[in-house]
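**Student:** One structure, as C-alpha cells, below. Some questions next.
Bear in mind that the values in this text are calculations on the coordinates, not laboratory data. Owing to the predicted nature of the structure, the values given are computational and were not obtained by experimental measurement.
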C-alpha cells in the first residue's frame, strides 16, 4: 500500500513462494516474495554457488534474525550494490 496526500493506492503483490532446503541436516522451508527469490538467485549466480549454498551461508551468519528476514536483507544489499562479505556494511532489519 502506498499512501499519498490525495488517496491510498493498493498495489497487488504476488503471494509468498516457499522453497524447501536442508540446513544443518534438517529440512526446512523459507517463504519469500518472488522478487526476493529472483534477487537471491542472481546473488548465487554471481558468486558461482547454488541457491542452497548461499542460504546455508546466510543461515550461518544471521544470528538471532529469522532466516526469511536474513534472506530479504541479503537481497536488498545485493540490489543496493553491497557485497555479502562479513566486512561489508549491511542494512539492519
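**Student:** Which shape class, rounded, prolate or oblate, goes with segment 16-79 when its Cα gyration tensor gives a ≥ b ≥ c as root eigenvalues, a/c under 1.5 marks rounded, and past that a/b bigger than b/c marks prolate?
**Tutor:** Values: a/c = 1.30, a/b = 1.22, b/c = 1.06.
Here segment 16-79 falls in the rounded category.
**Student:** At 0.36 nm per residue, minus the direct Cα-Cα distance, what do residue 18 and residue 46 gain on full extension? Give it in nm, one decimal, please. Don't jump to the answer; show the numbers that get you there.
**Tutor:** On the way: separation 28, 0.36 × 28 = 10.08 nm, distance 2.23 nm.
Net length gain for the segment: 7.8 nm.
**Student:** Right, here's the next one. Counting alpha carbon pairs within less than 8 Å and at least 6 residues apart, what relative contact order, in whole percent, applies to segment 16-79? Spell out each step's value before the answer.
**Tutor:** On the way: 56 pairs, mean separation 20.0, N = 64.
31 percent.
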